[in-house]
1. Applying the selection to segment B:76-88, what residues are farther than 18 Å from B:Ile52 by Cβ and assigned to a helix (DSSP H, G or I)?
2. Output the residue which, of all residues in segment A:119-132 that are in contact (Cβ under 8 Å) with a residue 60 or more places away in the chain and in contact with a Lys or Arg (Cβ under 8 Å, 6 or more places away or on another chain), is farthest from the other protein chains (Cβ to nearest Cβ).
3. Yes or no: segment B:168-180 includes at least one residue that is within 14 Å of chain A (Cβ to nearest Cβ), closer than 20 Å to B:Thr202 by Cβ and either in a strand (DSSP E or B) or of a type in the set (Asp, Glu) (or both).
4. Taking strands (runs of 3 or more DSSP E) that fall entirely within segment A:101-148, which contain at least 1 residues that are surrounded by fewer than 22 Cβ atoms within 10 Å (Cβ to Cβ)?
5. Give me the residue from segment A:151-200 that is within 22 Å of B:Pro212 (Cβ to Cβ) and of a type in the set (Asp, Glu) and, out of that set, least open to solvent (accessible area, probe 1.4 Å).
6. Under the condition of being polar (S, T, N, Q) and within 16 Å of the chain's Cα centre (by Cα), which residue from segment B:208-248 is least open to solvent (accessible area, probe 1.4 Å)?
7. Quick one: count up the residues across segment A:175-193 that are hydrophobic (A, V, I, L, M, F, W, C) and touching a His at 6+ places or on another chain (Cβ under 8 Å).
8. Just one of B:Pro32, B:Pro8 is touching a residue at least 60 places away in the same chain (Cβ under 8 Å) and open to solvent by less than 10 Å² (accessible area, probe 1.4 Å); which is it?
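The values are calculated or read from the model by the stated rules, or taken from the named source; none is laboratory data. Predicted model, so just to flag it, every value in this text is computed and none were measured. Because the Cβ atoms are built from the backbone with ideal geometry, glycine has one as well, and the counts that use them run over all protein chains shown. The protein model used for the area step is the full one, side chains on, heavy atoms only, and it has no ligands, DNA or RNA in it. Shrake-Rupley method; radii C 1.70, N 1.55, O 1.52, S 1.80 Å.
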Amino acid sequence: MKPQIAIVDYGMGNLRSAYRGLERGGAKPVITDKKEDLEASDAIVLPGVGAFEDAMANLYPLREVIIKEAEKKPMLGICLGLQLLFTCSEEGEGRGLDLIKGRVVRLPRNVKIPHMGWNSLEIKRDSRLLAGIKSGDYFYFVHSYYAQPEEEVTVATTSYGVEIPAIVEKGNVFATQFHPEKSGKLGLKLLKNFVGIASE
Amino acid sequence: MLTKRIIPCLDVKDGRVVKGVHFKNLRDAGSPVELARFYDEQGADELVFLDISASHEGRKTMIEVVKATADQVFIPLTVGGGISEVEDVRRILKAGADKTAINTAAVKNPELIAKAARRFGSQCIVAAIDAKRVYEEREDRYVVDTPEGRCWFEVYIYGGRKGTGKDAIAWAKEVEALGAGEILLTSMDADGTKMGFDIPLTRAVAEETSVPVIASGGAGKVEHFYDAFAHGKADAALAASVFHYGEYTVQDIKAYLKARGIEVRL
């Protein structure tokens with residue numbers, strides 16, 4: 001049985017590539033903004049393009065169900081979807097999902113913003129998400145803010161003026177600051193690894 | 001480390017790639033999807049589709065092309081050409097593109113950049129600037145030293161057919177302030193010559209702005225890409241014919257760059 005993965009649709013982000021990428025990884029993705037779909041799925045993907053405050057406002061009706069389901073099933077945050085997992089962000093008002101303690105802050109002034117392009121990972125600890133992926137592999141990043149976790153959740157980092165958590169993991173909750181659905185073959189591999197976790 | 005990006009550009013008209021593409025091993029060299037996949041295999045870091053359709057029907061077809069490409073190619077895709085309102089941006093992003101490049105419409109209505117950036121985020125708004133040298137000293141222009149003499153750079157619109165009198169470097173700063181997340185900078189002097197990118201132009205814009213700059217126009221040899229990065233301070237380099245005619249693969253260029261100490265994704 002293919003695991004059903006709910007891709008949370010809470011605005012206008014480009015969900016097509018995430019959908020196709022998960023499909024290739026062996027999942028049955030569903031793009032949805034319905035509570036019931038999140039409850040019925042084997043895993044949840046929280047994508048994200050845009051601004052923190054708008055995203056949290058749009059996500060508000062699903063906030064409780066996401067927090068509840070994240071305890072029971074695998075969840076993958078992508079890009080802004082990673083940042084939304086944290087407590088709060090410098091980018092805007094409003095509380096994040098607070099599934100991981102920490103703040104999201106703006107990249108330092110001495111680098112070009114947004115951080116846009118392919119950057120290499122440095123793996124800090126093992127993760128099921130990283131099967132077939134090694135330190136030095138490149139992934140596609142586009143972001144202006146980054147997370148500063150207050151918990152030991154960082155699986156891999158990348159370097160851009162500062163050390164940025166590129167992958168975080170806490171219990172069932174996984175997230176990437178880069179876009180696996182835009183990171184070519186290795187990105188597809190990571191999505192496939194997540195589908196594998198969702199199948200367990 | 002963040003790598004320098006190599007970006008093949010495809011001109012698409014009514015859903016087909018134009019500007020003869022010559023590859024023996026492609027079933028259909030006129031198919032944007034097929035070519036996108038081919039360049040992805042070669043290690044292209046991103047792709048740009050430039051819609052040169054003149055008709056409404058052609059533009060509708062482009063949406064289908066973007067969808068089909070996004071379904072099969074998992075690297076960033078920028079679509080430019082004929083974008084004149086926020087609704088065009090929305091349609092293209094929704095079809096699966098990651099960024100839209102806005103050129104003429106931004107000059108005519110700078111607020112479009114601001115509106116689109118506010119709505120969709122700066123990261124998906126690329127300001128495309130076509131610039132041409134004007135060899136004259138003017139106090140109200142950014143005058144730059146070049147091996148050919150001192151000049152300023154004039155912004156052209158309508159696919160390079162109409163000069164605007166605007167200073168390209170000042171315009172680059174303006175689009176950044178409006179919210180563009182990246183600048184696609186094409187030298188009209190260099191475009192089509194295969195004599196190399198306009199390095200003084202690229203460098204001036206890269207130094208005067210703080211968003212990523214894509215150098216475009218004039219690529220003919222591997223050395224030209226090195227110059228764009230090492231001397232022009234570009235973040236990415238875009239080319240068309242040098243790839244389409246099979247003179248170099250993306251991989252050839254990256255191998256050369258890496259050997260000369262430029263960080264690339266191999």
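1. Within segment B:76-88, the subset farther than 18 Å from B:Ile52 by Cβ is B:76, B:85-87.
If the condition is that a residue be farther than 18 Å from B:Ile52 by Cβ and assigned to a helix (DSSP H, G or I), then B:Val86, B:Glu87 are the ones that fit.
2. Within segment A:119-132, the match that is farthest from the other protein chains (Cβ to nearest Cβ) is A:Ala131.
3. So far as segment B:168-180 goes, yes, one or more of its residues are within 14 Å of chain A (Cβ to nearest Cβ), closer than 20 Å to B:Thr202 by Cβ and either in a strand (DSSP E or B) or of a type in the set (Asp, Glu) (or both).
4. Working: elements: A:102-106, A:115-120, A:138-143.
Filter on segment A:101-148 gives A:102-106, A:115-120.
5. So, considering only residues that are within 22 Å of B:Pro212 (Cβ to Cβ) and of a type in the set (Asp, Glu), the one least open to solvent (accessible area, probe 1.4 Å) is A:Glu181.
6. B:Ser216
7. Adding up the residues that qualify gives 0.
8. The match here is B:Pro8.
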